[in-house]
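Input: a single structure, listed below in structure tokens.
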Amino acid sequence: MAKEKEAKKEKNNYSFKAAGFTLLAVVLCIGIFFVADALAPFKGLESRRELEAVKQSSLYIMSSISSIMLLISAYLVFIYLKDYLELRSRFTLGILLAVISFMLFAISSNPLLHVMFGIFGKQGLFAIIPMAFATISLGILAWVSSK
């Protein structure tokens, strides 16, 4: 009986610590955006030429990041598919589906895809698709983690 109480107390202690660290992580992530906004090099740009140069460089940066996400996602799909074929675990299948959804997010958020289809910028359906894939991924991870 005493061991059960001690185990429950320890579990509550971990929950309290996890909640505290989660809150700290959220606050720090929001703080990063405020710092990035304050340090933004293109805040005071007035001329159209300067704005176009920033737009062009951000296109390359976003495309590069999106491509890196795609490569990492493909690697993770390989790893988790291999594990799923070996273990046949629902947990592994859930993570595999979430990673596939993140891969679709990486593909659909790449600005080169928008240019290829003749729609530059995030307008209409192209703005919703990457967010839908990220939401699906998070939903799958939440579902798998709660089991």
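Hey, rough spin-label estimate for SER57 and PHE34, points 7 angstrom out along Cα→Cβ, what's it come to in nanometres?
Computed distance between label sites SER57 and PHE34 equals 2.6 nm.
Pull out the extension gain between TYR14 and MET131, defined as 0.36 nm times the separation in residues minus the alpha carbon to alpha carbon distance; nm, one decimal.
Working it through step by step, the gained length comes to 38.9 nm.
Could you work out how far apart the two model spin labels at LEU112 and SER67 are, taking each label as a point 7 Å from the Cα in the direction of the beta carbon, and quote it in nm?
With each label point 7 Å from Cα toward Cβ, the separation is 0.5 nm.
Calculate, in nm to one decimal, what VAL27 and VAL77 gain on full extension: separation in residues at 0.36 nm each, minus their alpha carbon distance.
Separation in residues times 0.36 nm, less the Cα-Cα distance, equals 14.9 nm.
Every number here is computed from the coordinates shown, using simple stated rules; none is lab data. Model, not experiment: these values are computed from the prediction. Quick reminder, even Gly has a Cβ in these numbers, built from the backbone with ideal geometry, and neighbours come from all protein chains shown.
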